[in-house]
Amino acid sequence: MSKIIESIEKAQLKENVAQFNVGDTVKVYAKIKEGDKERIQVFEGTVLKRQNGGIRETFTVRKNSNGVAVEKTWPLHSPSVENIEVVRKGKVRRAKLNYLRQRSGKSAKVKEIVK
């Protein structure tokens, strides 16, 4: 990749990104624009996957809301993501938890790491 592009991307990276992995339960504080107003909305769920690296890194979070599963994918270094807070550490043996999409109830849970 070009050195010019690398320098531009390096300037766009966030310095303080929360350390989280696949299987963790996180709260994502996302900025929502409604007309001329801006507010922060919290989305809490399990991290299904993290993809790519550097400025292009994205992560997908899944939650159940009134019996309906909702997934959202965010760029990790996006200005629309205000904060990422780790609620619970999960114990998983896979890099992508796509199998959770077919499960519901107790089988859709991820074991917690207890320290």
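I'm told ALA11 meets every condition in (1) assigned to a loop (DSSP other than H, G, I, E, B); (2) among the hydrophobic types (A, V, I, L, M, F, W, C); (3) modelled with pLDDT under 95 except one. Can you identify the failing condition by its number?
Checking ALA11 against (1) assigned to a loop (DSSP other than H, G, I, E, B); (2) among the hydrophobic types (A, V, I, L, M, F, W, C); (3) modelled with pLDDT under 95, the one that fails is (1).
State which residue is surrounded by the fewest Cβ atoms within 10 Å (Cβ to Cβ) when the search covers only the stretch 11-29 and only residues that are within 17 Å of THR58 (Cα to Cα) and free of Cβ contacts under 8 Å to residues at least 12 places away in the same chain.
Per the stated criteria, the residue is GLU15.
Of everything in the stretch 99-112, what is of a type outside the set (A, V, I, L, M, F, W, C) and surrounded by 11 or more Cβ atoms within 10 Å (Cβ to Cβ)? Give them in sequence order.
Passing the criteria: TYR99, ARG101, ARG103, SER104, LYS109, GLU112.
Just checking, how many residues over the stretch 59-69 are at pLDDT 95 or above and either part of a helix (DSSP H, G or I) or exposed (fewer than 15 other Cβ atoms within 10 Å of the Cβ) (or both)?
Adding up the residues that qualify gives 0.
Between residues in the stretch 91-115 that are at positive phi and residues that are modelled with pLDDT under 90, which pairs lie under 9 Å by C-beta distance while being six or more apart or on different chains?
Listed by first residue and then by second, the contacts come to nothing, as the list is empty.
Taking the stretch 76-88, which residues are under 16 Å from ARG62 (Cα atoms) and surrounded by fewer than 16 Cβ atoms within 10 Å (Cβ to Cβ)?
Correct list: GLU85, VAL86, VAL87, ARG88.
Within the set of pairs 6 or more residues apart or between chains, which connect a residue that is among the aromatic types (Phe, Trp, Tyr) inside the stretch 30-47 to a residue that is assigned to a strand (DSSP E or B) with Cβ atoms less than 7 Å apart?
PHE43/VAL28; PHE43/ALA30; PHE43/VAL61; PHE43/LYS63; PHE43/LYS72
The values are calculated or read from the model by the stated rules, or taken from the named source; none is laboratory data. All values derive from a computational prediction rather than experimental measurement. Counting neighbours? That spans all protein chains shown, and the Cβs are built from the backbone with ideal geometry, glycine included.
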